[in-house]
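Student: Could you have a look at this structure, given as C-alpha coordinates, before my questions?
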Amino acid sequence: MRRSSPIRNIDWITVGLTMALIIFGWLNVYEASYTFDQTSILDFSYRSGKQFVWILSALVLGGVILLLDSRIFDFIAYFLYAALIVILLLTPFVAHDIKGSLSWISLGPVSLQPAEFAKCVTALALAKMMGSHDYRLRTWRDMVKPLLLMGAPMLIIMVMQKETGSAIILAAFLLMFYREGMTGYVLLTGVAAVVLFVTVIKFGTLVADIAIGAVLLAALVPRVVAFVRDKRQKRSRFARNRHPHVQIITFVILAAVAIGYSHACSFAFDHLPDHQRSRVEVLLGLKDDPQGAGYNVKQSLIAIGSGGLTGKGFLKGTQTKMHFVPEQATDFIFCTVGEEWGWLGSSGLLIVYLAFILRLIYLAERQRQRFALIYGYCVVSIFIAHLTINIGMVLGLLPVIGIPLPFISYGGSSIWGFTILLSIFLNLDAARLEKM
(Lines give C-alpha, C1' and ligand atoms only; values in the text may rest on other atoms or scores of the structure.)
Protein backbone atom coordinates (compact mmCIF):
# COMPACT_ATOMS: atom_id res chain seq x y z
CA MET A 1 0.00 0.00 0.00
CA ARG A 2 1.37 3.40 -0.96
CA ARG A 3 2.17 5.55 2.02
CA SER A 4 0.12 8.73 2.30
CA SER A 5 1.71 12.04 3.11
CA PRO A 6 2.79 12.23 6.75
CA ILE A 7 2.05 15.96 6.70
CA ARG A 8 -1.62 15.20 6.04
CA ASN A 9 -1.93 12.58 8.79
CA ILE A 10 0.29 14.07 11.47
CA ASP A 11 -1.43 15.08 14.70
CA TRP A 12 -1.08 18.83 14.54
CA ILE A 13 -2.54 19.35 18.00
CA THR A 14 0.45 17.54 19.51
CA VAL A 15 2.81 19.46 17.24
CA GLY A 16 1.22 22.75 18.31
CA LEU A 17 1.52 21.93 22.01
CA THR A 18 5.13 20.86 21.51
CA MET A 19 6.03 24.06 19.67
CA ALA A 20 4.38 26.11 22.42
CA LEU A 21 6.57 24.36 25.00
CA ILE A 22 9.72 24.78 22.89
CA ILE A 23 9.18 28.51 22.27
CA PHE A 24 8.29 29.16 25.91
CA GLY A 25 11.34 27.17 26.96
CA TRP A 26 13.59 29.19 24.67
CA LEU A 27 12.31 32.44 26.18
CA ASN A 28 13.00 31.13 29.68
CA VAL A 29 16.50 29.98 28.73
CA TYR A 30 17.08 33.57 27.57
CA GLU A 31 15.71 34.88 30.87
CA ALA A 32 17.73 32.48 33.00
CA SER A 33 21.04 33.09 31.23
CA TYR A 34 20.62 36.78 30.36
CA THR A 35 23.41 39.20 31.22
CA PHE A 36 23.49 42.95 30.78
CA ASP A 37 26.15 42.59 28.10
CA GLN A 38 23.90 40.41 25.93
CA THR A 39 22.48 42.36 23.02
CA SER A 40 20.14 39.82 21.43
CA ILE A 41 18.30 36.58 22.14
CA LEU A 42 20.06 35.24 19.04
CA ASP A 43 23.55 36.03 20.32
CA PHE A 44 25.26 32.68 19.67
CA SER A 45 27.91 33.25 22.30
CA TYR A 46 25.19 32.91 24.96
CA ARG A 47 22.92 30.03 25.85
CA SER A 48 19.80 31.45 24.22
CA GLY A 49 21.56 31.61 20.85
CA LYS A 50 22.98 28.12 21.26
CA GLN A 51 19.57 26.80 22.27
CA PHE A 52 18.10 28.31 19.08
CA VAL A 53 20.58 26.26 17.05
CA TRP A 54 19.66 23.13 18.99
CA ILE A 55 15.96 23.84 18.40
CA LEU A 56 16.42 24.28 14.65
CA SER A 57 18.51 21.11 14.38
CA ALA A 58 15.93 19.21 16.47
CA LEU A 59 13.12 20.36 14.18
CA VAL A 60 15.07 19.22 11.13
CA LEU A 61 15.77 15.89 12.82
CA GLY A 62 12.10 15.50 13.73
CA GLY A 63 11.06 16.30 10.15
CA VAL A 64 13.41 13.64 8.78
CA ILE A 65 11.99 11.05 11.19
CA LEU A 66 8.45 11.89 10.10
CA LEU A 67 9.37 11.20 6.46
CA LEU A 68 10.66 7.70 7.21
CA ASP A 69 8.62 4.57 6.57
CA SER A 70 7.05 3.68 9.92
CA ARG A 71 7.95 0.00 9.48
CA ILE A 72 11.65 0.76 9.84
CA PHE A 73 11.34 1.36 13.60
CA ASP A 74 10.06 -2.15 14.23
CA PHE A 75 12.81 -3.56 11.99
CA ILE A 76 15.78 -1.76 13.57
CA ALA A 77 14.61 -1.74 17.22
CA TYR A 78 16.92 -4.54 18.41
CA PHE A 79 19.87 -3.28 16.32
CA LEU A 80 19.56 0.16 17.90
CA TYR A 81 19.32 -1.39 21.35
CA ALA A 82 22.49 -3.45 20.83
CA ALA A 83 24.32 -0.35 19.56
CA LEU A 84 23.06 1.62 22.57
CA ILE A 85 24.42 -0.92 25.04
CA VAL A 86 27.83 -0.81 23.36
CA ILE A 87 27.89 3.01 23.39
CA LEU A 88 26.80 3.16 27.04
CA LEU A 89 29.56 0.70 27.98
CA LEU A 90 32.21 2.72 26.13
CA THR A 91 31.06 6.15 27.33
CA PRO A 92 32.75 6.08 30.79
CA PHE A 93 36.13 5.41 29.14
CA VAL A 94 35.96 8.46 26.84
CA ALA A 95 33.76 10.83 28.87
CA HIS A 96 34.93 13.81 30.89
CA ASP A 97 34.28 13.81 34.62
CA ILE A 98 31.56 16.41 35.18
CA LYS A 99 30.57 16.70 38.86
CA GLY A 100 31.29 13.01 39.35
CA SER A 101 29.34 11.90 36.28
CA LEU A 102 30.96 10.05 33.37
CA SER A 103 28.10 10.40 30.90
CA TRP A 104 29.09 13.21 28.51
CA ILE A 105 30.98 12.69 25.25
CA SER A 106 32.69 15.62 23.54
CA LEU A 107 32.23 15.74 19.77
CA GLY A 108 34.22 18.75 18.69
CA PRO A 109 32.50 21.93 19.88
CA VAL A 110 29.47 20.11 21.29
CA SER A 111 28.86 17.54 24.02
CA LEU A 112 26.21 14.82 23.95
CA GLN A 113 24.86 12.56 26.65
CA PRO A 114 24.10 9.07 25.26
CA ALA A 115 21.91 8.32 28.28
CA GLU A 116 19.33 10.80 26.93
CA PHE A 117 18.80 8.58 23.89
CA ALA A 118 18.51 5.41 25.97
CA LYS A 119 14.87 6.29 26.70
CA CYS A 120 13.85 6.23 23.04
CA VAL A 121 15.88 3.16 22.08
CA THR A 122 14.77 1.14 25.11
CA ALA A 123 11.15 2.09 24.36
CA LEU A 124 11.54 0.77 20.81
CA ALA A 125 13.06 -2.49 22.06
CA LEU A 126 10.25 -2.98 24.59
CA ALA A 127 7.63 -2.26 21.91
CA LYS A 128 9.32 -4.78 19.62
CA MET A 129 9.36 -7.49 22.31
CA MET A 130 5.86 -6.88 23.64
CA GLY A 131 4.28 -5.97 20.30
CA SER A 132 3.10 -9.42 19.34
CA HIS A 133 -0.64 -9.96 19.69
CA ASP A 134 -0.33 -12.85 22.14
CA TYR A 135 2.20 -11.22 24.50
CA ARG A 136 0.71 -10.25 27.85
CA LEU A 137 2.20 -9.66 31.30
CA ARG A 138 0.12 -12.36 32.95
CA THR A 139 2.75 -14.01 35.15
CA TRP A 140 6.07 -13.15 36.77
CA ARG A 141 7.80 -15.17 34.06
CA ASP A 142 6.41 -12.81 31.43
CA MET A 143 8.07 -9.92 33.27
CA VAL A 144 11.62 -11.29 33.08
CA LYS A 145 12.55 -10.27 29.52
CA PRO A 146 11.04 -6.75 29.64
CA LEU A 147 12.70 -6.10 33.01
CA LEU A 148 16.06 -7.25 31.62
CA LEU A 149 15.67 -4.94 28.61
CA MET A 150 14.84 -2.04 30.90
CA GLY A 151 17.37 -2.94 33.59
CA ALA A 152 20.50 -3.36 31.45
CA PRO A 153 20.85 0.31 30.40
CA MET A 154 19.69 1.42 33.87
CA LEU A 155 22.48 -0.55 35.53
CA ILE A 156 25.16 0.68 33.11
CA ILE A 157 24.10 4.33 33.45
CA MET A 158 23.84 4.20 37.24
CA VAL A 159 26.93 2.11 38.05
CA MET A 160 29.43 2.86 35.28
CA GLN A 161 28.40 6.40 34.32
CA LYS A 162 27.32 7.41 37.84
CA GLU A 163 24.29 9.19 36.42
CA THR A 164 21.49 8.40 38.86
CA GLY A 165 18.83 10.69 37.40
CA SER A 166 18.92 9.32 33.84
CA ALA A 167 18.87 5.76 35.19
CA ILE A 168 15.86 6.35 37.43
CA ILE A 169 13.87 7.78 34.51
CA LEU A 170 13.96 4.40 32.76
CA ALA A 171 11.98 2.94 35.67
CA ALA A 172 9.04 4.96 34.32
CA PHE A 173 8.40 2.10 31.89
CA LEU A 174 6.76 0.32 34.84
CA LEU A 175 3.73 2.53 34.12
CA MET A 176 3.55 1.01 30.64
CA PHE A 177 3.95 -2.47 32.14
CA TYR A 178 0.98 -1.75 34.41
CA ARG A 179 -1.09 -0.67 31.41
CA GLU A 180 -0.19 -3.93 29.69
CA GLY A 181 -1.33 -6.16 32.53
CA MET A 182 1.36 -6.09 35.19
CA THR A 183 -0.11 -6.69 38.62
CA GLY A 184 -0.57 -3.61 40.75
CA TYR A 185 1.34 -5.35 43.54
CA VAL A 186 4.57 -4.45 41.74
CA LEU A 187 3.79 -0.73 41.94
CA LEU A 188 2.59 -1.20 45.51
CA THR A 189 5.86 -2.93 46.36
CA GLY A 190 7.76 -0.01 44.85
CA VAL A 191 5.81 2.49 46.96
CA ALA A 192 6.38 0.34 50.06
CA ALA A 193 10.11 0.18 49.30
CA VAL A 194 10.30 3.99 49.09
CA VAL A 195 8.34 4.40 52.34
CA LEU A 196 10.57 1.88 54.10
CA PHE A 197 13.71 3.59 52.77
CA VAL A 198 12.53 6.96 54.12
CA THR A 199 11.64 5.35 57.47
CA VAL A 200 15.08 3.75 57.77
CA ILE A 201 16.95 6.96 56.89
CA LYS A 202 14.84 9.25 59.06
CA PHE A 203 14.16 7.05 62.10
CA GLY A 204 16.69 4.21 61.92
CA THR A 205 16.54 0.48 61.26
CA LEU A 206 15.16 -0.35 64.72
CA VAL A 207 12.01 1.71 64.16
CA ALA A 208 11.68 0.27 60.67
CA ASP A 209 11.94 -3.29 61.99
CA ILE A 210 9.32 -2.59 64.66
CA ALA A 211 7.02 -1.13 61.98
CA ILE A 212 7.49 -4.24 59.82
CA GLY A 213 6.61 -6.45 62.79
CA ALA A 214 3.49 -4.39 63.52
CA VAL A 215 2.33 -4.67 59.91
CA LEU A 216 2.96 -8.43 60.02
CA LEU A 217 0.87 -8.84 63.16
CA ALA A 218 -1.91 -6.64 61.79
CA ALA A 219 -2.09 -8.83 58.69
CA LEU A 220 -1.90 -12.19 60.51
CA VAL A 221 -4.13 -11.69 63.56
CA PRO A 222 -7.46 -11.46 61.63
CA ARG A 223 -6.61 -14.65 59.72
CA VAL A 224 -5.70 -16.58 62.87
CA VAL A 225 -8.85 -15.35 64.65
CA ALA A 226 -10.98 -16.41 61.67
CA PHE A 227 -9.39 -19.87 61.69
CA VAL A 228 -9.98 -20.33 65.43
CA ARG A 229 -13.59 -19.20 65.07
CA ASP A 230 -14.19 -21.66 62.24
CA LYS A 231 -12.65 -24.44 64.31
CA ARG A 232 -14.91 -23.75 67.26
CA GLN A 233 -17.95 -23.68 65.04
CA LYS A 234 -16.81 -26.98 63.50
CA ARG A 235 -16.86 -25.49 60.02
CA SER A 236 -13.20 -26.01 59.25
CA ARG A 237 -14.05 -28.19 56.25
CA PHE A 238 -15.71 -25.25 54.60
CA ALA A 239 -13.52 -22.47 55.97
CA ARG A 240 -11.53 -20.41 53.54
CA ASN A 241 -8.62 -20.19 55.92
CA ARG A 242 -8.01 -23.89 56.59
CA HIS A 243 -4.23 -23.60 56.30
CA PRO A 244 -3.12 -20.57 58.30
CA HIS A 245 0.38 -22.01 58.66
CA VAL A 246 0.97 -21.40 54.93
CA GLN A 247 0.02 -17.75 55.31
CA ILE A 248 2.10 -17.44 58.46
CA ILE A 249 5.17 -18.81 56.68
CA THR A 250 4.52 -16.49 53.72
CA PHE A 251 4.24 -13.40 55.92
CA VAL A 252 7.31 -14.36 57.94
CA ILE A 253 9.30 -14.68 54.70
CA LEU A 254 8.04 -11.28 53.53
CA ALA A 255 8.95 -9.78 56.90
CA ALA A 256 12.44 -11.27 56.70
CA VAL A 257 12.88 -9.84 53.21
CA ALA A 258 11.63 -6.43 54.39
CA ILE A 259 13.98 -6.43 57.39
CA GLY A 260 16.89 -7.43 55.15
CA TYR A 261 15.94 -4.63 52.75
CA SER A 262 15.80 -2.08 55.59
CA HIS A 263 19.33 -2.96 56.71
CA ALA A 264 20.50 -2.88 53.07
CA CYS A 265 19.02 0.63 52.76
CA SER A 266 20.99 1.76 55.79
CA PHE A 267 24.19 0.28 54.40
CA ALA A 268 23.64 1.74 50.92
CA PHE A 269 22.81 5.19 52.31
CA ASP A 270 25.97 5.23 54.42
CA HIS A 271 28.03 4.48 51.31
CA LEU A 272 26.42 7.04 49.01
CA PRO A 273 28.64 9.84 47.66
CA ASP A 274 28.70 12.74 50.10
CA HIS A 275 26.76 15.14 47.86
CA GLN A 276 23.94 12.63 47.26
CA ARG A 277 23.68 11.71 50.93
CA SER A 278 23.56 15.39 51.89
CA ARG A 279 20.70 16.05 49.44
CA VAL A 280 18.62 13.24 50.95
CA GLU A 281 19.36 14.42 54.50
CA VAL A 282 18.32 17.97 53.67
CA LEU A 283 15.14 16.74 51.95
CA LEU A 284 14.15 14.62 54.97
CA GLY A 285 14.96 17.41 57.41
CA LEU A 286 17.85 15.55 59.03
CA LYS A 287 20.11 18.57 58.66
CA ASP A 288 19.97 22.17 57.59
CA ASP A 289 22.56 23.09 54.97
CA PRO A 290 21.41 26.34 53.33
CA GLN A 291 24.87 27.09 51.94
CA GLY A 292 25.58 23.54 50.75
CA ALA A 293 23.30 20.71 49.66
CA GLY A 294 20.15 22.74 50.39
CA TYR A 295 21.28 25.89 48.60
CA ASN A 296 19.73 25.17 45.20
CA VAL A 297 16.31 24.31 46.56
CA LYS A 298 16.28 27.20 49.04
CA GLN A 299 17.10 29.77 46.34
CA SER A 300 14.65 28.12 43.98
CA LEU A 301 11.81 28.46 46.48
CA ILE A 302 12.76 32.09 47.12
CA ALA A 303 12.65 32.78 43.37
CA ILE A 304 9.28 31.07 42.89
CA GLY A 305 7.75 32.70 45.96
CA SER A 306 8.95 36.17 44.97
CA GLY A 307 7.06 35.92 41.66
CA GLY A 308 3.69 36.19 43.38
CA LEU A 309 0.53 35.94 41.30
CA THR A 310 1.61 37.52 38.03
CA GLY A 311 5.42 37.47 38.27
CA LYS A 312 8.01 40.23 38.14
CA GLY A 313 7.92 40.48 34.36
CA PHE A 314 10.08 39.44 31.44
CA LEU A 315 13.82 39.85 32.27
CA LYS A 316 12.93 41.50 35.60
CA GLY A 317 13.51 38.66 38.04
CA THR A 318 16.15 39.65 40.59
CA GLN A 319 16.95 36.09 41.69
CA THR A 320 17.30 35.12 38.04
CA LYS A 321 19.34 38.16 36.97
CA MET A 322 21.77 37.80 39.85
CA HIS A 323 22.15 34.05 39.16
CA PHE A 324 21.44 33.00 42.73
CA VAL A 325 20.16 29.58 41.59
CA PRO A 326 22.80 27.26 40.09
CA GLU A 327 21.74 25.35 36.95
CA GLN A 328 18.85 27.77 36.54
CA ALA A 329 18.76 27.40 32.75
CA THR A 330 18.81 23.60 32.91
CA ASP A 331 17.41 21.51 35.76
CA PHE A 332 16.04 24.45 37.80
CA ILE A 333 14.49 26.44 34.97
CA PHE A 334 11.01 26.14 36.49
CA CYS A 335 11.99 28.65 39.19
CA THR A 336 12.62 31.18 36.39
CA VAL A 337 9.05 30.57 35.24
CA GLY A 338 7.80 31.08 38.80
CA GLU A 339 9.72 34.31 39.39
CA GLU A 340 9.16 36.12 36.10
CA TRP A 341 5.76 34.67 35.06
CA GLY A 342 4.29 34.12 38.52
CA TRP A 343 1.68 31.65 39.70
CA LEU A 344 -0.42 32.29 36.60
CA GLY A 345 2.47 31.54 34.24
CA SER A 346 3.53 28.43 36.18
CA SER A 347 -0.04 27.14 36.26
CA GLY A 348 -0.44 27.86 32.57
CA LEU A 349 2.69 25.85 31.80
CA LEU A 350 1.43 22.90 33.84
CA ILE A 351 -1.94 23.07 32.05
CA VAL A 352 -0.17 22.89 28.69
CA TYR A 353 1.81 19.89 29.94
CA LEU A 354 -1.42 18.25 31.12
CA ALA A 355 -3.03 18.80 27.71
CA PHE A 356 0.11 17.45 26.03
CA ILE A 357 0.17 14.25 28.12
CA LEU A 358 -3.59 13.67 27.76
CA ARG A 359 -3.23 14.05 24.01
CA LEU A 360 -0.42 11.48 23.95
CA ILE A 361 -2.62 9.05 25.91
CA TYR A 362 -5.40 9.59 23.38
CA LEU A 363 -3.01 8.94 20.49
CA ALA A 364 -1.69 5.79 22.17
CA GLU A 365 -5.19 4.42 22.72
CA ARG A 366 -6.19 4.84 19.07
CA GLN A 367 -3.29 2.81 17.69
CA ARG A 368 -4.19 -0.34 15.74
CA GLN A 369 -0.74 -1.92 15.97
CA ARG A 370 0.46 -3.12 19.38
CA PHE A 371 4.00 -1.97 18.57
CA ALA A 372 2.75 1.62 18.24
CA LEU A 373 0.45 1.34 21.25
CA ILE A 374 3.20 0.09 23.57
CA TYR A 375 5.72 2.62 22.26
CA GLY A 376 3.12 5.35 22.76
CA TYR A 377 2.67 4.46 26.41
CA CYS A 378 6.45 4.37 26.83
CA VAL A 379 6.51 7.96 25.58
CA VAL A 380 3.70 8.92 27.97
CA SER A 381 5.54 7.30 30.89
CA ILE A 382 8.79 9.15 30.15
CA PHE A 383 7.14 12.56 29.96
CA ILE A 384 5.15 11.97 33.16
CA ALA A 385 8.31 10.92 35.01
CA HIS A 386 10.36 13.90 33.79
CA LEU A 387 7.65 16.40 34.64
CA THR A 388 6.93 14.93 38.08
CA ILE A 389 10.56 14.57 39.18
CA ASN A 390 11.74 17.93 37.84
CA ILE A 391 8.90 19.95 39.40
CA GLY A 392 9.20 17.90 42.60
CA MET A 393 12.90 18.58 43.06
CA VAL A 394 12.56 22.30 42.23
CA LEU A 395 9.84 22.60 44.88
CA GLY A 396 11.92 20.65 47.42
CA LEU A 397 9.57 17.65 47.43
CA LEU A 398 12.07 15.23 45.87
CA PRO A 399 15.86 14.89 46.00
CA VAL A 400 17.86 16.86 43.42
CA ILE A 401 18.97 14.30 40.84
CA GLY A 402 19.46 16.35 37.67
CA ILE A 403 16.35 15.79 35.52
CA PRO A 404 15.57 18.33 32.74
CA LEU A 405 12.11 19.77 32.15
CA PRO A 406 10.95 18.48 28.72
CA PHE A 407 11.37 21.03 25.90
CA ILE A 408 11.99 23.81 28.47
CA SER A 409 15.44 23.17 29.95
CA TYR A 410 18.57 24.20 28.10
CA GLY A 411 20.56 21.42 26.44
CA GLY A 412 21.13 19.84 23.06
CA SER A 413 21.00 16.22 24.19
CA SER A 414 17.77 16.88 26.07
CA ILE A 415 15.85 18.54 23.24
CA TRP A 416 17.19 16.06 20.68
CA GLY A 417 16.22 13.12 22.87
CA PHE A 418 12.67 14.37 23.47
CA THR A 419 12.24 15.31 19.81
CA ILE A 420 13.33 11.87 18.58
CA LEU A 421 11.15 10.16 21.19
CA LEU A 422 8.06 12.14 20.17
CA SER A 423 8.69 12.24 16.40
CA ILE A 424 8.83 8.46 16.16
CA PHE A 425 5.47 8.22 17.90
CA LEU A 426 3.95 10.86 15.64
CA ASN A 427 5.26 8.91 12.63
CA LEU A 428 3.68 5.69 13.94
CA ASP A 429 0.41 7.50 14.64
CA ALA A 430 0.35 9.05 11.15
CA ALA A 431 0.68 5.56 9.66
CA ARG A 432 -1.90 3.88 11.92
CA LEU A 433 -4.47 3.45 9.13
CA GLU A 434 -2.03 1.84 6.75
CA LYS A 435 -1.66 -1.90 6.28
CA MET A 436 1.63 -3.02 7.75
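Student: When the range 133-175 is examined, which residues are found to be crowded, with 17+ Cβ neighbours inside 10 Å, out of contact with any strand residue (DSSP E or B) (no Cβ under 6 Å at 6 or more places or on another chain) and polar (S, T, N, Q)?
Tutor: Answer for the range 133-175, where residues must be crowded, with 17+ Cβ neighbours inside 10 Å, out of contact with any strand residue (DSSP E or B) (no Cβ under 6 Å at 6 or more places or on another chain) and polar (S, T, N, Q): THR164, SER166.
Student: Here is a follow-up. Take the residues in the range 231-247 that are surrounded by 15 or more Cβ atoms within 10 Å (Cβ to Cβ) and assigned to a helix (DSSP H, G or I); name whichever of them is modelled with the lowest pLDDT.
Tutor: PRO244
Student: Can you confirm whether LYS119 is of a type in the set (Lys, Arg), within 16 Å of ILE85 (Cβ to Cβ), at pLDDT 80 or above and over 17 Å from the mean Cα position of the chain (by Cα)?
Tutor: It is false that LYS119 is of a type in the set (Lys, Arg), within 16 Å of ILE85 (Cβ to Cβ), at pLDDT 80 or above and over 17 Å from the mean Cα position of the chain (by Cα).
Student: Restricting attention to the range 11-46, which residues are farther than 28 Å from ILE361 by Cβ, of a type outside the set (A, V, I, L, M, F, W, C) and within 25 Å of the chain's Cα centre (by Cα)?
Tutor: none
Student: Which of (1) open to solvent by 30 Å² or more (accessible area, probe 1.4 Å); (2) more than 16 Å from ILE22 (Cβ to Cβ); (3) not in a loop (DSSP other than H, G, I, E, B) is the odd one out, the single condition ALA385 does not satisfy?
Tutor: In the conditions (1) open to solvent by 30 Å² or more (accessible area, probe 1.4 Å); (2) more than 16 Å from ILE22 (Cβ to Cβ); (3) not in a loop (DSSP other than H, G, I, E, B), ALA385 misses (1) alone.
Student: Which pairs do you get when a residue that is more than 23 Å from GLY402 (Cα to Cα) and open to solvent by less than 50 Å² (accessible area, probe 1.4 Å), found in the range 257-281, comes within reach of a residue that is part of a helix (DSSP H, G or I) and among the aliphatic types (A, V, I, L, M), reach meaning Cβ atoms under 6 angstrom, with the pair 6+ apart or on two chains?
Tutor: ALA258/ILE212; SER262/LEU196; SER262/VAL200; SER262/ALA208; SER266/VAL200
Student: Just name the residue that is modelled with the highest pLDDT out of those in the range 265-276 that are part of a helix (DSSP H, G or I) and either among the acidic types (Asp, Glu) or under 24 Å from the mean Cα position of the chain (by Cα) (or both).
Tutor: Restricting to residues being part of a helix (DSSP H, G or I) and either among the acidic types (Asp, Glu) or under 24 Å from the mean Cα position of the chain (by Cα) (or both), the top hit is CYS265.
Student: Anything in the range 16-65 that is hydrophobic (A, V, I, L, M, F, W, C), part of a helix (DSSP H, G or I), open to solvent by less than 70 Å² (accessible area, probe 1.4 Å) and within 21 Å of VAL110 (Cβ to Cβ)? List them, or say none.
Tutor: Passing the criteria: ILE22, TRP26, VAL29, ALA32, PHE52, TRP54, ILE55, ALA58, LEU61, ILE65.
Student: To continue, here is another question. Can you say whether ILE408 is crowded, with 21+ Cβ neighbours inside 10 Å, of a type outside the set (D, E, K, R), touching a Gly at 6+ places or on another chain (Cβ under 7 Å) and not in a helix (DSSP H, G or I), as far as the supplied structure shows?
Tutor: yes
Student: If you don't mind, another one. Among the residues of the range 121-132, are any of a type in the set (Gly, Ala, Ser), exposed (fewer than 14 other Cβ atoms within 10 Å of the Cβ) and more than 30 Å from PRO273 (Cβ to Cβ)?
Tutor: Yes; the residues of the range 121-132 include at least one that is of a type in the set (Gly, Ala, Ser), exposed (fewer than 14 other Cβ atoms within 10 Å of the Cβ) and more than 30 Å from PRO273 (Cβ to Cβ).
Student: Report, ordered by the first and then the second residue, all pairs with beta carbons closer than 8 Å, sequence separation of six or more or different chains, a first member in the range 317-337 that is under 12 Å from LEU405 (Cα atoms) and touching a residue at least 12 places away in the same chain (Cβ under 8 Å), and a second member that is open to solvent by 30 Å² or more (accessible area, probe 1.4 Å) and of a type in the set (Ser, Thr, Tyr).
Tutor: Note: pairs meeting the criteria are ALA329/TYR410; THR330/TYR410; ILE333/TYR410.
Student: Please list, ordered by first then second residue, the pairs with beta carbon atoms under 6 Å, 6 or more apart or interchain, first in the range 200-217 and assigned to a helix (DSSP H, G or I), second open to solvent by 40 Å² or more (accessible area, probe 1.4 Å) and aromatic (Phe, Trp, Tyr).
Tutor: LEU216/PHE251
Student: Quick one: MET129 ticks every box in (1) more than 18 Å from the chain's Cα centre (by Cα); (2) in a helix (DSSP H, G or I); (3) touching a residue at least 24 places away in the same chain (Cβ under 8 Å) except a single one, so which number is it?
Tutor: Going through the list (1) more than 18 Å from the chain's Cα centre (by Cα); (2) in a helix (DSSP H, G or I); (3) touching a residue at least 24 places away in the same chain (Cβ under 8 Å), MET129 breaks only (3).
Student: Among the numbered conditions (1) under 24 Å from CYS120 (Cα atoms); (2) out of contact with any Asp or Glu (no Cβ under 8 Å at 6 or more places or on another chain); (3) at pLDDT below 90, tell me where ILE403 comes up short.
Tutor: Against the list (1) under 24 Å from CYS120 (Cα atoms); (2) out of contact with any Asp or Glu (no Cβ under 8 Å at 6 or more places or on another chain); (3) at pLDDT below 90, ILE403 comes up short only on (2).
Student: Another question, if that's okay. Out of the range 347-388, which residues are among the β-branched types (Val, Ile, Thr) and within 27 Å of PHE332 (Cβ to Cβ)?
Tutor: Residues satisfying the conditions are ILE351, VAL352, ILE357, VAL379, VAL380, ILE382, ILE384, THR388.
One line per residue, one yes/no per condition, for (1) part of a helix (DSSP H, G or I); (2) modelled with pLDDT of 90 or more; (3) surrounded by fewer than 20 Cβ atoms within 10 Å (Cβ to Cβ):
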site: ASN296; (1), (2), (3): yes, no, no
site: GLY313; (1), (2), (3): no, no, yes
site: LYS316; (1), (2), (3): no, no, yes
site: HIS323; (1), (2), (3): no, no, yes
site: ASP331; (1), (2), (3): no, no, no
site: GLU339; (1), (2), (3): yes, yes, no
site: LEU358; (1), (2), (3): yes, yes, yes
site: ALA364; (1), (2), (3): yes, yes, no
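Student: Do we find a residue being more than 15 Å from the chain's Cα centre (by Cα), surrounded by fewer than 24 Cβ atoms within 10 Å (Cβ to Cβ) and assigned to a helix (DSSP H, G or I) anywhere in the range 396-404?
Tutor: Checked against the condition, which is being more than 15 Å from the chain's Cα centre (by Cα), surrounded by fewer than 24 Cβ atoms within 10 Å (Cβ to Cβ) and assigned to a helix (DSSP H, G or I), the range 396-404 yields no hits at all.
Student: If a residue must be in a helix (DSSP H, G or I) and closer than 25 Å to SER381 by Cβ, how many such residues does the range 90-118 contain?
Tutor: 5
Student: Give the range 169-199 a look and list any residue that's of a type in the set (D, E, K, R) and assigned to a helix (DSSP H, G or I), or say none.
Tutor: Within the range 169-199, ARG179 is the sole residue that qualifies.
The values are calculated or read from the model by the stated rules, or taken from the named source; none is laboratory data. The model shown is predicted, which means the values in this text are computed figures rather than measured ones. Note that we place each Cβ from the backbone using ideal geometry, even for glycine, and neighbour counts take in every protein chain shown. In case anyone asks, the SASA skips ligands and DNA or RNA and just uses the protein heavy atoms, side chains included. Shrake-Rupley method; radii C 1.70, N 1.55, O 1.52, S 1.80 Å.
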